[in-house]
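The values are calculated or read from the model by the stated rules, or taken from the named source; none is laboratory data. Since we're looking at a predicted model, the values are computed, not measured. Cβ placement follows ideal geometry from the backbone for every residue including glycine, while neighbour counts extend to all protein chains displayed.
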Amino acid sequence: MVPLLGDFARLRYVQNAGTAFGLFQGGRILLMAISIFSAAVVVYLAVSGRYRFRGSHVAFGLVLGGALGNLVDRFWLREVVDFIDVGIGPHRWPTFNVADIGITLGVIYLAVAFLVGERRAQGEAPDAERGDA
C-alpha cells in the first residue's frame with residue numbers, strides 16, 4: 001500500500017473478477033457482454049439527440065469511458081484492476097478505479113439532469129395549457 005493522503009487515501013492493488021464492490025465474482029463473459037450492451041445503449045442515447053441538455057455529452061462520455069475502461073481490463077487481464085482505497089482507519093470504502101469514478105459521476109449527473117428536467121416539464125405543463133407560455 002502506498003499512502004497518498006495519509007491513511008485516508010492510498011494506492012492498493014486489487015484484482016477484481018466481479019462487479020462493483022467485488023460482487024458477483026466470476027462470470028467474465030457475462031460481465032463483458034453486459035459492458036458491451038451498456039456501452040451500446042449509452043452511444044445510442046448520446047447520438048439519438050433525444051437527451052440533449054447542458055453537459056449531456058460529458059455525462060454520457062464519462063459512463064461510456066468507464067464502461068470501456070473496465071471492459072478493456074476484463075478482456076486483456078481477465079479481471080478489473082482496482083487501486084484507489086479511501087476511508088478512515090478500519091472503515092474503508094471498497095477499492096475502486098478511475099473507470100468506476102467516471103461511471104459513478106456520469107450516472108449521478110444524468111440522474112440529476114433527468115429529475116430536474118422532469119420537474120421542469122411538470123412545472124411548465126400547467127402554464128402551457130393556460131396559454132401563458
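Summary table
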read-out: Residue match in the range 60-68 (condition: modelled with pLDDT of 95 or more and in a loop (DSSP other than H, G, I, E, B)); value: no
read-out: Residue satisfying all of: in the range 31-49; over 15 Å from residue 69 (Cα atoms) and out of contact with any helix residue (DSSP H, G or I) (no Cβ under 7 Å at 6 or more places or on another chain); surrounded by the most Cβ atoms within 10 Å (Cβ to Cβ) among these; value: 41
read-out: Pair list, Cβ under 6 Å, 6 or more apart: the range 89-117 residue surrounded by 11 or more Cβ atoms within 10 Å (Cβ to Cβ), other residue part of a helix (DSSP H, G or I) and small (Gly, Ala, Ser); value: 99/66; 99/69; 102/65; 102/66; 103/66; 106/59; 109/59; 110/59
read-out: Matching option when the condition is over 19 Å from residue 104 (Cα atoms), among the basic types (Lys, Arg) and exposed (fewer than 13 other Cβ atoms within 10 Å of the Cβ), among 52, 28; value: 52
read-out: Every residue from the range 17-65 that is polar (S, T, N, Q) and over 18 Å from the mean Cα position of the chain (by Cα); value: 25, 48
read-out: Qualifying positions in the range 35-90 - under 21 Å from residue 23 (Cα atoms) and β-branched (Val, Ile, Thr); value: 36, 63, 72, 80, 81, 84, 86
read-out: Per-region count, the range 69-89, residues part of a helix (DSSP H, G or I) and either touching a Ser or Thr at 6+ places or on another chain (Cβ under 6 Å) or acidic (Asp, Glu) (or both); value: 2
read-out: Single condition residue 20 does not satisfy, out of (1) modelled with pLDDT of 90 or more; (2) surrounded by 15 or more Cβ atoms within 10 Å (Cβ to Cβ); value: (1)
read-out: Some residue of the range 73-81 being surrounded by 18 or more Cβ atoms within 10 Å (Cβ to Cβ), farther than 17 Å from residue 37 by Cα and among the aliphatic types (A, V, I, L, M); value: yes
read-out: Residue list for the range 11-59, filter: touching a residue at least 60 places away in the same chain (Cβ under 8 Å), under 16 Å from residue 94 (Cβ atoms) and touching a Gly at 6+ places or on another chain (Cβ under 9 Å); value: 14, 16, 17
read-out: Residues within the range 39-59 that are among the hydroxyl-bearing types (Ser, Thr, Tyr), closer than 19 Å to residue 115 by Cβ and not in a loop (DSSP other than H, G, I, E, B), tallied; value: 1
